[in-house]
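The values are calculated or read from the model by the stated rules, or taken from the named source; none is laboratory data. What you are looking at is a predicted structure, and each value in this text was computed from that prediction instead of being measured. Quick reminder, even Gly has a Cβ in these numbers, built from the backbone with ideal geometry, and neighbours come from all protein chains shown.
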Amino acid sequence: MNATTPMNPTALIAEDEPLLAQALKAELAAAWPGLQIAATAGDGRSAVREALRLLPQVLFFDIRMPGLDGLGAAAELADSWPADEAPMPQLVFVTAYDEYAARAFEAEAIDYVLKPVQPERLRKTVARLQQALAAQQPLPTASPAVAGEALEQTLAQWRQVLAAAGAGGALPAAAPAPLRMIAASDAGGSTVRMVPIDEVLYFEAADKYLRVLTATHEYLIRTPLKQLIAQLDADAFWQVHRAVVVRSGAIESVHRDEAGKLHLTLRGRPEKIPVSRLYAHLFRAM
């Protein structure tokens, strides 16, 4: 278990540009002398690995990193974090977005650090973090109900952060009309078929492609999942994992395994689909 306390917190910085990582460390040393930088990571995979090893109280994640980006790294940590050993950390995104986009983060009470680091804005973020950490109860003294409520509050904040960052931090634009048809390749890649959206049961990100699954067929498209989600009817399709979006009306059952993880089954499909901890709230009342 992590032995640090809110009076002696630790942080992890994930930034692929070493000079920017050093600049953030220097500014944090000035704004928050008591904060210990436990480690820095240059990519999302390393950030996840180090965060699970060190269990820091604060994460500073660059949104744009090679391989697994800051959004993906945060989503992986939400699923893998040992919440019975340490409270989930406070999440701050490091972003190069312009000031107009940054105001959208501010309007949603999202913590962010703008590159290059601005000392005055960083001090505001530090004050928010210190307040949040001071409000946390140590796990050994917290009741299961209080610990569960604290976990859900942190997950809710993470969902908000990821949603804002996934939208590019920009103010919302007029929603486009939902997709009705998808031009997708068959498994062999030799034929393009027009697949009615009403036949799709779920989408799954896989390497450079997005799998499109109906009750009887599998197709492939190159559209990134994040881009596709913006074109789907939010009531008809639910994101249940960082790599999976399912048709809500096709959900047949939801099961919890011995480890407490949720899996769902869809009418017309044999496989079990994992549900991320970030999206487990969707099925709380089911």
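Side notes on the structure shown:
- Here ASP79 does not qualify as out of contact with any Leu (no Cβ under 9 Å at 6 or more places or on another chain), under 20 Å from GLN157 (Cα atoms) and modelled with pLDDT under 90.
- Looking across LEU24, LEU28, LEU55, LEU68, one residue alone is touching an Asp or Glu at 6+ places or on another chain (Cβ under 7 Å) and within 18 Å of LEU133 (Cα to Cα). It is LEU55.
- From the options ARG103, ARG159, residue that is at pLDDT 75 or above and basic (Lys, Arg): ARG159
- For the condition in contact with a Gly (Cβ under 8 Å, 6 or more places away or on another chain), under 20 Å from LEU162 (Cα atoms) and not aromatic (Phe, Trp, Tyr), ARG242 qualifies.
- Residue ID - surrounded by the most Cβ atoms within 10 Å (Cβ to Cβ), chosen from residues in segment 62-90 that are touching a Phe, Trp or Tyr at 6+ places or on another chain (Cβ under 6 Å) and under 19 Å from GLN22 (Cα atoms): GLY70
Conditions tested, residue by residue: (1) of a type outside the set (S, T, N, Q); (2) in contact with a Gly (Cβ under 8 Å, 6 or more places away or on another chain); (3) closer than 22 Å to ALA156 by Cβ.
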site: GLY188; (1), (2), (3): yes, no, no
site: LEU201; (1), (2), (3): yes, yes, no
site: ALA206; (1), (2), (3): yes, no, no
site: ILE221; (1), (2), (3): yes, no, no
site: ARG247; (1), (2), (3): yes, no, no
site: LEU264; (1), (2), (3): yes, no, yes
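- Among residues of segment 67-76 being among the aliphatic types (A, V, I, L, M) and closer than 15 Å to TYR279 by Cβ, the one that is modelled with the lowest pLDDT is LEU71.
Yes/no matrix, rows are residues, columns are (1) more than 22 Å from TYR279 (Cα to Cα); (2) assigned by TED's automatic domain parsing to the domain that holds GLY72; (3) among the small types (Gly, Ala, Ser):
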{"site": "TYR202", "(1), (2), (3)": "no, no, no"}
{"site": "ALA205", "(1), (2), (3)": "no, no, yes"}
{"site": "LYS208", "(1), (2), (3)": "yes, no, no"}
{"site": "LEU220", "(1), (2), (3)": "yes, no, no"}
{"site": "ASP257", "(1), (2), (3)": "no, no, no"}
{"site": "LEU266", "(1), (2), (3)": "no, no, no"}
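- The set of residues in segment 215-241 being part of a strand (DSSP E or B) and of a type in the set (Asp, Glu) consists of GLU218 alone.
- Scanning segment 222-255 for residues that are within 14 Å of TYR279 (Cα to Cα) and among the charged types (D, E, K, R) yields one hit, ARG242.
- Identity of the residue in segment 177-193, closer than 13 Å to GLN231 by Cβ and either of a type in the set (Gly, Ala, Ser) or at pLDDT below 90 (or both), that ends up surrounded by the fewest Cβ atoms within 10 Å (Cβ to Cβ): ALA177
- Residues that are at pLDDT below 90 and not assigned by TED's automatic domain parsing to the domain that holds ASP62 are absent from segment 142-152.
- Residue in segment 196-209 that is farthest from ALA243 (Cα to Cα), counting only those that are modelled with pLDDT of 95 or more and in a strand (DSSP E or B): PRO196
- Qualifying residue in segment 226-242 (condition: of a type outside the set (D, E, K, R), touching a strand residue (DSSP E or B) at 6+ places or on another chain (Cβ under 8 Å), modelled with pLDDT under 95 and at positive phi): no
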